[in-house]
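Following: one structure in structure tokens, then a few remarks.
The values are calculated or read from the model by the stated rules, or taken from the named source; none is laboratory data. A quick note: this is a predicted structure, and the numbers were derived from the prediction, not measured. Using ideal geometry, Cβ is built from the backbone for each residue, glycine included, and neighbour counts are taken over all protein chains shown. The accessibility values were calculated without ligands, DNA or RNA, using every heavy atom of the protein model including side chains. Shrake-Rupley method; radii C 1.70, N 1.55, O 1.52, S 1.80 Å.
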Amino acid sequence: MEKVNINEKMNTFSEYWSPKIVGEINDSYVKLAKLNGEFVWHMHEKEDEMFMVIKGRLVIKLRTEDIIINEGEFFIIPRGIEHMPVAENEVHVMLLEPKTTLNTGNVKNERTVEILEKI
């Protein structure tokens, strides 16, 4: 058991859209990521995922609406919902999602991170 300082962990990396594992809860990972720009439209067929904004402002584009998540807020995207995260400026997020969750969901491209780094 050890406590985690989110700010210290965020300072250990600079790349965008590359989640890092900072903890495990049952069959889920707690991840930190830095986001900037647009990601890709994708969905997760079997996993829900939670985005909690630590710093900045994140827009989750859905096909029906845009969800704005401010610092200190979180949003859970249910499995099967197509979405695209957009960060107009650098955003720091905490993700809580099953260990099987691939960051690009049903899409595989240059942003897909299949092996996650633990920090």
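The rows are residues; the columns are (1) in contact with a Gly (Cβ under 9 Å, 6 or more places away or on another chain); (2) more than 14 Å from Phe51 (Cα to Cα).
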{"site": "Asn70", "(1), (2)": "yes, no"}
{"site": "Gly80", "(1), (2)": "no, yes"}
{"site": "Glu90", "(1), (2)": "yes, yes"}
{"site": "Glu117", "(1), (2)": "no, yes"}
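A count restricted to the range 42-66 and to residues that are surrounded by fewer than 16 Cβ atoms within 10 Å (Cβ to Cβ), in contact with a strand residue (DSSP E or B) (Cβ under 6 Å, 6 or more places away or on another chain) and under 20 Å from Lys108 (Cα atoms) stands at 1.
Filtering the range 5-32 to residues that are assigned to a strand (DSSP E or B) and open to solvent by 90 Å² or more (accessible area, probe 1.4 Å) leaves Tyr16, Glu24.
Per this entry, Glu2 is counted among residues that are open to solvent by 20 Å² or more (accessible area, probe 1.4 Å) and farther than 15 Å from Met84 by Cα. The residue that is surrounded by the fewest Cβ atoms within 10 Å (Cβ to Cβ), among those in the range 87-111 that are at pLDDT 95 or above and not hydrophobic (A, V, I, L, M, F, W, C), is Asn89.
Could you grab me the full set of residues in the range 67-79 that are under 23 Å from Thr112 (Cα atoms) and either touching a helix residue (DSSP H, G or I) at 6+ places or on another chain (Cβ under 6 Å) or loosely packed, with under 13 Cβ neighbours inside 10 Å (or both)? Across the range 67-79, the qualifying residues are Ile76, Pro78.
Within the range 82-104, residues that are closer than 20 Å to Asp27 by Cα and touching a residue at least 40 places away in the same chain (Cβ under 8 Å) reach partners that are among the acidic types (Asp, Glu) and open to solvent by 20 Å² or more (accessible area, probe 1.4 Å) with beta carbons closer than 6 Å, at six or more positions or on different chains, in the pairs Glu97/Glu47; Pro98/Asp27; Pro98/Glu47; Lys99/Asp27; Thr101/Glu47. When Phe51, Phe75, Phe39 are checked against the criterion of being closer than 16 Å to Ala87 by Cβ, touching a residue at least 60 places away in the same chain (Cβ under 8 Å) and not hydroxyl-bearing (Ser, Thr, Tyr), Phe39 stands alone in meeting it.
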